[in-house]
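The structure under discussion appears below in the form of structure tokens.
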Amino acid sequence: MRVSQCLVLCLFVTATACSKSKPAPEADEPPAAAAPAPAASSGPNVAKAKEIFVQRCVACHGSTGHGDGPASATLDPKPRKFADPAWQKEVSDEYLEKIVKFGGAGVGKSAAMPSNPDLTDPQVIAGLRVVIRNFNTTN
């Protein structure tokens, strides 16, 4: 019986201590500032995009964007050379983001360029566009 009374008392003390509200800040204490939003949510997520580019794109497009990745030798047509300044001028950012998401077949090009339906974060898709644009040798 004594153990159960002690247990009840401990539970009561714990519950009471945990349910106490935080005292109001003193008048001379400034209110806590809100935490800033993560930078990645406001613009392209280039860091994540670089990871994805290495995992999914380098095999065909190459690490320098010249369309010379190890898998490119067997492809016909050859992968796009992202470093080509003339091509960079011809394509819009919207087109780049569309082909990243829907693949070659989604824009009337080669179906060898796969779609990426799992890329649902617009900041990551925008980040991949930035990665592709950074291959432009005339920047």
Note on A37: of the conditions (1) more than 24 Å from the chain's Cα centre (by Cα); (2) at pLDDT below 95, unmet is (1)
Which one is modelled with the highest pLDDT among residues in segment 40-50 that are part of a helix (DSSP H, G or I) and either among the polar types (S, T, N, Q) or on the phi > 0 side of the Ramachandran plot (or both)? S42
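So that you can scan it fast, the table gives a plain yes or no per residue for (1) without any contact (Cβ under 8 Å) to a residue 12 or more places away in the chain; (2) hydrophobic (A, V, I, L, M, F, W, C); (3) farther than 16 Å from V54 by Cβ:
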site: F82; (1), (2), (3): no, yes, no
site: D93; (1), (2), (3): no, no, yes
site: E97; (1), (2), (3): no, no, yes
site: V100; (1), (2), (3): no, yes, no
site: P117; (1), (2), (3): no, no, yes
site: T120; (1), (2), (3): yes, no, yes
site: A126; (1), (2), (3): no, yes, yes
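The values are calculated or read from the model by the stated rules, or taken from the named source; none is laboratory data. On a predicted model such as this, the values are computed, not experimentally measured, just so you know. Backbone-built Cβ (ideal geometry, glycine too); neighbour counts: all protein chains shown.
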